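The structure under discussion appears below in the form of structure tokens.
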Amino acid sequence: MLMKKIFTLIAVVAMAIGVQAQTTEKALFEEGGAYGNGATLTTENCKVVLGNDRTTKNYDVKLASVKAYCAELFGQQVMVENSETGAMEEKTRVIYVVGNQNPKDGELDGDSSTGSGYKPASGNLPQSGTYYMITPQQDGHITAFIVLNSGKSLYVAKASTGECLPQDQLVVKADGDEPAVVELDENFQTGEKITGTVEFDVVAGETYYLFCAGSKLSFGGYIYTFAGGTPFSINPDNLMPLFTYCWNEAESLSHNDDGTITYNAVAWGGLAAWLAVDGPVDLSKYGKLVFEFAEPTTVNTQILAGSATAWGEPGIKKLVCSFDGKDVSAIEQIALQASDVTTIVVTRIYLEEKGDPIPEGDHISIIDKFNGCWNEAETLVHNEDGSITFNAVSWGGASAWLAENDIPVDWSMYTKLVFEYAEPSAVNTQGFIQTTTENITFPGNAGITKLECPFEDRDVSKVNQVALQCAEPTTLVITAIYLVANAEGIGEVRHYIFDADAPMYNLSGVRVNKDYKGVVIQNGHKFIRK
């Protein structure tokens, strides 16, 4: 299972330089983040991808104590322990990453980079080890924070040709109260260790490899500057600001102070967003478009997004438009329609990226979602080994409420729900699924260690909660609760995936075991182990 990649995105700011407008974007790493092979640091018009360093260890995340120059460009406020008093104090530091292997032109062999180091004459770009790939969308200028060891060759090489930028196109500056330019010799080396920056011009669409030979270049983010105003862009997590007009003059919309939109609709008018500001927009990377409402709708509703449409009956609080099998590569506008005169308060509009397909038969654990009991006389305890001890009464229930904000979840991509017990059950048990339309039960006899709840001919597209019941008072140790994916299952399970065996990391990015106490990161989420 892939760990979620975490990064901090610093907001875009526009500056006027002379008479020509400039746009500057900055991306910095996050303290406590875990950055492995292929981790991405991204702004709106540029991205950095970390190279293939090691298969079993992330890049190390460290803090650099810097002076005025780098503090102003890349500094972040972090909590640092005072070595004398032991107290935590807020300090300005640069958060940077450093790999574990020198960059070489061969593939990873287990945890080791293989092959040879980069040679400008041959242009043999790194394929493993510590390197960073920067890709801008427009012509511009990159300033990157680096820590370069003395006597190590610093290279910025083009992916398209393998050639490195000449020394006169690289500007290296050492940190200090005033930045000091450091000259590179004919081997792209300096005579001293440099904590500071490297600057170079970039061309739109080209990928630039940033690394050093025979060592592991530390990297603390980038500043990307390019000419012109900020291009039109889409924030997939929040499309609300783009909805600015209605199709029919009799309609109206208002953006409210709480971030919602009040839409006063007429029959088959439309609350609309025009996306083709710079030409049609490609939404192919996304799997669905979603509208959420403050109250259940009183009329039929419909989403329009090119050839993709979705129809919603009255009484829903969420309308989902799937892009599966639809061409959404050239979308000009998207809209919400109502079948009759009505007022709809829209609370959220967003796009969801396509999930990775779930292999048929894969188990998706949901045991961590079981946190309640139906009867006050019942208790459940989550044990250190990941199991649950459930002290049951007759037809109470160990339950998991899944409908966040009263919006049910879709289990159509699964074939069954399974409960597993540490010992044969002493009483009859029953799986229970509550949907928006019916309660579905799956009985199990006493003496079983696995209760399977198959979904054949069952509508599980709108599940509110799930529970396990016992026919009589008993103590039951539940070792696993999981869903089984079918052949067409799509990985839209971000709220439910939890792999108890996934690696854990502390806030410094160091892998820890299950005996560790404190804040840990597992499955891409932070929580406290006590």
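Residues within the reach of a label modelled at residue 477 (point 7 angstrom out along Cα to beta-carbon, backbone nitrogen below 16 Å), restricted to segment 380-400, are 380-392.
Scaled against 2.2 N^0.38 Å for its residue count N, the alpha carbon radius of gyration of segment 197-296 is 1.67. Computed about its Cα centre, the charge dipole of the chain is approximately 860 debye, with only Lys, Arg, Asp and Glu carrying charge at their Cβ. Of interest is the spacing of the C-alpha centroids, which for segment 272-291 and segment 395-444 amounts to 37 Å.
Its Cα gyration tensor gives the chain an equivalent ellipsoid; the semi-axes, largest first and in whole Å, are 47, 34, 21. Farthest towards the positive end of the charge dipole of segment 59-153, among the residues 68, 118, 130, is the Cα of 118, using unit charges on the Cβ of Lys, Arg, Asp and Glu.
Heavy atoms of the protein chains alone define the surface here; on that basis the chain has 47 Å² accessible area per residue at 1.4 Å probe size. Remark on residue 416: its backbone amide H falls under 5 Å from those of 455, 484, a criterion applied only to residues 5 or more positions apart or on other chains, H modelled at 1.01 Å from N. Couplings 3J(HN,Hα) for segment 78-88, derived from phi with the Karplus relation 6.51 cos²θ - 1.76 cosθ + 1.60 (θ = phi - 60°), are 10, 8, 10, 6, 6, 5, 8, 9, x, 6, 7 Hz, where x marks Gly and Pro.
Beyond a 18 Å Cα-Cα separation, which of these cross-linked pairs lie in this structure: 91/216; 317/369; 354/462; 57/158; 152/216; 285/326?
Result: 91/216; 317/369; 354/462; 57/158 exceed 18 Å.
Secondary-structure-derived ellipticity at 222 nm for the chain, considering helices only, amounts to -500 deg cm²/dmol, per-run term -39500 (n - 2.57) for DSSP H runs with n ≥ 4. Scaling the Cα radius of gyration of segment 371-451 by the globular reference 2.2 N^0.38 Å produces a ratio of 1.17.
Starting from the Cα coordinates of segment 309-386, work out the convex hull volume and express it per residue in Å³.
Working: hull volume 18.1 nm³, N = 78.
Looking at segment 309-386, the number lands at 233 Å³ per residue.
The residues 413, 79, sorted by heavy-atom accessible surface at 1.4 Å with ligands and nucleic acids left out, run 79, 413 from largest to smallest.
Using the Cβ of residue 301 as centre and a radius below 15 Å, the other residues enclosed give a net charge of -2, where K and R count +1 and D and E count -1. Measure out, as a whole number of angstrom, how far apart the alpha-carbon centroids of segment 118-147 and segment 170-226 sit. Answer, in whole Å: 10.
A simple packing score, the average count of other Cβ atoms within 10 Å per residue, orders the peptides 264-270, 439-445 as 264-270, 439-445, with the highest score first. Since only 484, 320, 108 are under comparison, the one whose Cα sits farthest along the positive direction of the charge dipole of the chain, derived from C-beta charges on Lys, Arg, Asp and Glu, is 108.
The values are calculated or read from the model by the stated rules, or taken from the named source; none is laboratory data. Fair warning: this is a prediction, and the values are worked out from it, not measured in the lab. Backbone-built Cβ (ideal geometry, glycine too); neighbour counts: all protein chains shown. These accessible areas exclude ligands, DNA and RNA; they are computed on the full protein's heavy atoms, side chains included. Shrake-Rupley method; radii C 1.70, N 1.55, O 1.52, S 1.80 Å.
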